[in-house]
Amino acid sequence: MTALHGRQFLVVTASCSVAACSRAPMTYMRTFGPAADPVTSLGWGLTIICCLVILIIGVLLLIATSRARRTDATLASVPIAHPGGGLRWIYIGTGVSIAVLLGLVVWTMFTLAAIASAPSAPVFTIEIRAHQWWWEARYLDGTSERTFVTANELHIPVGKPVLLRLIGDDVIHSFWIPALAGKTDVIPGQTNIAWIQGNTLGTYRGQCTEYCGAQHAHMAEFVSVDSAAAFKQWWDHQLAAAAAPPSATTTHGEAVFLARCAACHTIRGTGAGGILGPDLTHIMTRHTLGAGTVPNDPASLRAWINDAQAVKPGSRMPTLDLPQQDLVAVTAYLQTLD
């Protein structure tokens, strides 16, 4: 590879890396909210300073090793002496190191203070309960009439802080949306408080980052940052009960659901009131199933209903093994819940 081609390769590689980072679903190198921006700035600052330290030390080592060395015979003829000025370099190096470290400590303290609380009063609270292996989200607005429950996929209004109350149901989990906020552990028997805010419209992926069992890697969460109008429309829609089945097939599917699934799942407006699994009242407004395990499309939905253990082994969704007619009907019914 020629020098020119080598430079071109490096430029293309760097460009692709930057582009990949900007599109990465869990990027922490670019952030979009005040709960994460100061941490990102600190991270980049520490990285640059550490690289400079490595560069300076490397240059000094190269200078030291490149100097001519005396042979043993030459050393034998050199009288023992204590030249002055050596301690000066030790003092300079120690002083610079202390100044840099103190500066980083001060910067870190300012960063911690900046993300400790929201810049303004949170507009509402989301109570997030972590289960193996999914996230239950209860939107609280001061009145029971405006409260509802959803799962795994959150929506927040752009530019507004939202308070998070994090509760562990079984083992220790950790809630992390890297583009919007830092990690907060979710511990059984304890309520931890965090806050989140998105300043750019879009959907941001998160992940449980505390090992919590066999399906830890399939415990994702998503936060959609919506415009004020779109968020209000979404909230109002979530409050609505499920629509009545529109056909004979979906009516049969609802009956099968009430007989086989209602002990674990809720569908508001029906007799299904289970609390062991996610609320499915508006399941078709979600983009994934199983906390990001598979896309929410007809084939994946049917496979999940029929044998969730084949899709996400160890999950608490049992294998229903429904007759084909019932499986088709239940799938069709759930697809009406948007």
Practice prompt. Count the net charge of all other residues whose Cβ sits under 14 Å from the Cβ of ALA228, scoring Lys and Arg as +1 and Asp and Glu as -1.
Written response: 0
Worksheet item: Roughly speaking, to the nearest percent, how much of the chain's 1.4 Å accessible area is carbon and sulfur?
Response: 66
Fill in: Amide H contacts of VAL294 (H built 1.01 Å from N, under 5 Å, at least 5 apart or other chain)
LEU289
Worksheet, complete the sentence: Which residues qualify? For GLN207, with a placed amide H closer than 5 Å and at least 5 residues away or on another chain, they are TRP176, GLU221
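Return a whole-number percent for the relative contact order of segment 125-239, with Cα pairs under 8 Å and 6 or more residues apart as the contact set.
Contact order relative to length: 28 percent.
Using a/c under 1.5 as the rounded threshold, could you call segment 125-239 rounded, prolate or oblate? The axes a ≥ b ≥ c are square roots of the C-alpha gyration tensor eigenvalues, and prolate needs a/b larger than b/c, oblate otherwise. Mind dumping the intermediate values first?
Numbers: a/c = 1.86, a/b = 1.44, b/c = 1.29.
Here segment 125-239 falls in the prolate category.
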Fill in: For segment 121-217, size of Cβ-based charge dipole, Lys and Arg +1, Asp and Glu -1, in debye
260
Discussion item. Through the Karplus equation 6.51 cos²θ - 1.76 cosθ + 1.60, θ set to phi - 60°, convert the phi angles of segment 147-156 into ³J(HN,Hα) values in whole Hz; use x for Gly and Pro.
Written reply: 9, 8, 10, 9, 8, 6, 10, 9, 10, 9
Item to complete: Mind checking segment 92-186 for trypsin sites (Lys or Arg not before Pro) that DSSP puts in a loop (not H, G, I, E or B) and that have at most 16 other Cβ atoms within 10 Å?
Response: LYS183
Fill in: Length-normalised contact order for segment 248-334 - Cα pairs under 8 Å, 6+ apart - percent
33
Practice prompt. Find how much the distance from THR249 to VAL123 grows on full extension, using 0.36 nm per residue of separation minus their present alpha carbon separation; answer in nm with one decimal.
Written response: 41.2 nm
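Per residue, how large is the accessible surface of the chain? Use a 1.4 angstrom probe and give square angstrom.
For the chain, the solvent-accessible area averages 55 Å² per residue.
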Worksheet item: Summing +1 for each Lys or Arg and -1 for each Asp or Glu, what net charge is found among the other residues whose Cβ lies under 11 Å from the Cβ of ILE128?
Response: -1
Worksheet item: With contacts defined as alpha carbon pairs under 8 Å and 6 or more residues apart, what's the relative contact order of the chain in percent?
Response: 15
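Is segment 248-334 best put as rounded, prolate or oblate by its Cα gyration tensor, with a ≥ b ≥ c the root eigenvalues, rounded for a/c under 1.5, and otherwise prolate when a/b is larger than b/c, oblate when not?
It is rounded, given that a/c, with a ≥ b ≥ c, falls under 1.5.
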Worksheet item: So which lysines can LYS160 reach, going by Cα to Cα under 29 Å and dropping same-chain residues fewer than 8 places off?
Response: LYS183, LYS232
Discussion item. Here are a few candidate values for Cα extents along the principal axes in Å: [x] 100, 44, 39; [y] 99, 43, 32; [z] 105, 50, 40. Which one was actually calculated from the structure I just gave you?
Written reply: [z]
Practice prompt. Could you list which residues have their amide H under 5 Å from that of TRP195, counting only those 5 or more apart in sequence or on another chain, with H placed in the peptide plane?
Written response: LEU164
Worksheet entry | Residue among LEU280, LEU52, LEU320 with the largest mean-square fluctuation in a Gaussian network model of the chain, springs linking Cα atoms under 10 Å | LEU52
Fill in: Euclidean distance of C-alpha centroids, segment 304-338 and segment 201-231, integer Å
23
Worksheet item: Which of the helices in the chain, when you take each full DSSP H run, stretch at least 24 Å along the axis at their Cα atoms and have an average Kyte-Doolittle score of 0.5 or higher?
Response: 3-23, 37-66, 86-115
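The values are calculated or read from the model by the stated rules, or taken from the named source; none is laboratory data. The structure presented is a predicted model; accordingly, all values stated were derived computationally and were not measured. All Cβ positions, even for glycine, are placed from backbone atoms using ideal geometry, and neighbour counts span all protein chains on display. Keep in mind that these areas ignore ligands, DNA and RNA; they rest on the heavy atoms of the full protein, side chains included. Shrake-Rupley method; radii C 1.70, N 1.55, O 1.52, S 1.80 Å.
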